[in-house]
Amino acid sequence: MEKGQHLQFPATVKRTNRGLHVGFVPIPAKAFVEPFVHETLANHANLERTEVFYPWEKLAAYHSVTVGAKPAGIIMHAARVGSTLQIACLRCSKGLTAYSEPTVINDLLHGLLIPAQTRAWRAEMVAALRFIVDLIGQHASGPFVLKLRSWNSLFAPLISDAFPMTPWAFAVRSPVEVGVSIERKPPTWMRTFTDADNPFLPFAAAHGDPRSHETYFAGMFASFCDAIGDIDKRLGRLIRYEDLPNAVWESVCPHFGILLDVNEINLMKSVALYDAKLGGLFVPDAQPKQAAASAALRGAASQIAEPALRRLEAKFLEETAPRTDYEQHYCLSHQT
């Protein structure tokens, strides 16, 4: 990459048979303070964008795991489980840049939802992911963490192949409570429920008949858990909603090799008092959501989602994690 171009943030990516077209915007790393990257991009929509073409030949070097910047950690989640709160807290760590659901990664993975494209270029995806994350790392110019979108978890094995030495966390919550949140504010994969060409349908259908909203949701939740269950748990942490916010500084940060001082932890505690998405004081909502759940949602959660979560929890218990060499991970994660 040309000298100084790391100041540009990779905002868009488009794949062609010849390579990747990446669109950059001049937004400094310190400007990424909104809950999601797309909000930061929207707030800077008036800035001129520059497109650079990278042929596949240029990305060949990224087939090697040693090439490119690596994140300190990757956060995956099952949607509406407190992952945005984790990002808000992580931003209290000095010198760390936290990117919440980068659209460029989402765009890359979305191509894999189309079977024809999956067959055509899945072999190239590992190199493409490493390349795009390297661009993000150069933009950060220091330690950085990525939080992905919920449906990106479906491709956890591919993400793990791309970053086999990178610590990761998977955030979960009671499927009943998640289901109520999903009904109130559907994410991308739920909004496509009635689409004739819904690309997520096969993932939901893998766990039964997804014709109702409730069974479709439960099937997707189960597929998230199953995908996470297919990767090496020794580099992972299961972060339960009920353990937040303490889990951020007690589990996530040590696992990601992020050293905190007392002031940073106190700042995280202060940040956690507020709603990470909406602002205002945070009001616990577990009991109201349990009370609001329909019988249909409870049934789907009990039959499909909760067993998948229990299977995942059992796999974490089975794969006893050895002491992780955090210093080694830290060095690998912060190459620029």
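The values are calculated or read from the model by the stated rules, or taken from the named source; none is laboratory data. If you're wondering where the values come from, they're calculated on a predicted model, not measured in any experiment. Reconstructed Cβ throughout: ideal geometry from the backbone, glycine too, with neighbour counts over all protein chains shown. To get the accessible areas, we keep the full protein, side chains included, count just its heavy atoms, and leave off ligands, DNA and RNA. Shrake-Rupley method; radii C 1.70, N 1.55, O 1.52, S 1.80 Å.
What number of residues within the stretch 24-67 satisfy the criterion of being out of contact with any strand residue (DSSP E or B) (no Cβ under 6 Å at 6 or more places or on another chain), closer than 14 Å to residue 12 by Cβ and of a type in the set (Lys, Arg)?
Residues flagged as out of contact with any strand residue (DSSP E or B) (no Cβ under 6 Å at 6 or more places or on another chain), closer than 14 Å to residue 12 by Cβ and of a type in the set (Lys, Arg) within the stretch 24-67 amount to 0.
Return only the number of the condition from (1) touching a residue at least 24 places away in the same chain (Cβ under 8 Å); (2) open to solvent by 40 Å² or more (accessible area, probe 1.4 Å); (3) not polar (S, T, N, Q) that residue 182 does not satisfy.
Tallying (1) touching a residue at least 24 places away in the same chain (Cβ under 8 Å); (2) open to solvent by 40 Å² or more (accessible area, probe 1.4 Å); (3) not polar (S, T, N, Q), residue 182 fails exactly one: (2).
Being at pLDDT below 95, touching a Gly at 6+ places or on another chain (Cβ under 7 Å) and open to solvent by 40 Å² or more (accessible area, probe 1.4 Å) is true for just one of 274, 241, 326. Which residue is that?
Numbers: 274 fails: at pLDDT below 95; 241 fails: at pLDDT below 95.
Result of the check over 274, 241, 326: 326.
Could you check residue 160 against (1) open to solvent by less than 40 Å² (accessible area, probe 1.4 Å); (2) outside any helix (DSSP H, G or I); (3) small (Gly, Ala, Ser) and say which number it fails?
For residue 160, the exception is condition (2).
Residue by residue through the stretch 204-257, note down the ones that are touching a Pro at 6+ places or on another chain (Cβ under 7 Å) and not small (Gly, Ala, Ser).
Those that are touching a Pro at 6+ places or on another chain (Cβ under 7 Å) and not small (Gly, Ala, Ser): 216, 221, 230, 231, 234, 235, 255, 256.
Mind counting the residues in the stretch 54-79 that are under 21 Å from residue 151 (Cα atoms) and either open to solvent by 60 Å² or more (accessible area, probe 1.4 Å) or assigned to a strand (DSSP E or B) (or both)?
5
Can you tell me which residue in the stretch 80-96 is farthest from residue 184 (Cα to Cα), limited to those that are of a type in the set (Val, Ile, Thr) and outside any loop (DSSP other than H, G, I, E, B)?
Only one residue fits best here, namely 87.
Given the options 69, 88, 98, name the one that is in contact with a Gly (Cβ under 7 Å, 6 or more places away or on another chain), in contact (Cβ under 8 Å) with a residue 60 or more places away in the chain, among the hydrophobic types (A, V, I, L, M, F, W, C) and within 30 Å of residue 263 (Cβ to Cβ).
None of the other options fit; the residue is 69.
State whether one or more residues within the stretch 25-38 are part of a helix (DSSP H, G or I), hydrophobic (A, V, I, L, M, F, W, C), farther than 25 Å from residue 251 by Cβ and free of Cβ contacts under 8 Å to residues at least 40 places away in the same chain.
Yes: the stretch 25-38 contains one or more residues that are part of a helix (DSSP H, G or I), hydrophobic (A, V, I, L, M, F, W, C), farther than 25 Å from residue 251 by Cβ and free of Cβ contacts under 8 Å to residues at least 40 places away in the same chain.
Residue-wise test of (1) part of a helix (DSSP H, G or I); (2) open to solvent by less than 50 Å² (accessible area, probe 1.4 Å); (3) closer than 22 Å to residue 80 by Cβ.
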{"position": "211", "(1), (2), (3)": "no, no, no"}
{"position": "215", "(1), (2), (3)": "yes, yes, yes"}
{"position": "234", "(1), (2), (3)": "yes, no, no"}
{"position": "268", "(1), (2), (3)": "yes, yes, yes"}
{"position": "279", "(1), (2), (3)": "no, yes, yes"}
{"position": "290", "(1), (2), (3)": "yes, no, yes"}
{"position": "303", "(1), (2), (3)": "yes, no, yes"}
{"position": "308", "(1), (2), (3)": "yes, yes, yes"}
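Restricting the first residue to the stretch 251-266 and requiring it to be within 12 Å of residue 235 (Cα to Cα) and assigned to a helix (DSSP H, G or I), which pairs with a second residue that is hydroxyl-bearing (Ser, Thr, Tyr) and modelled with pLDDT of 95 or more meet a Cβ separation below 7 Å and a spacing of at least six or different chains?
none
Can you tell me which residue in the stretch 97-140 is farthest from residue 201 (Cα to Cα), limited to those that are in contact with a Leu (Cβ under 8 Å, 6 or more places away or on another chain) and not in a helix (DSSP H, G or I)?
If we take residues in the stretch 97-140 being in contact with a Leu (Cβ under 8 Å, 6 or more places away or on another chain) and not in a helix (DSSP H, G or I), then 98 is farthest from residue 201 (Cα to Cα).
Give 124, 51 a once-over and let me know the one that is open to solvent by 10 Å² or more (accessible area, probe 1.4 Å), at pLDDT 95 or above, among the acidic types (Asp, Glu) and farther than 13 Å from residue 163 by Cα.
51
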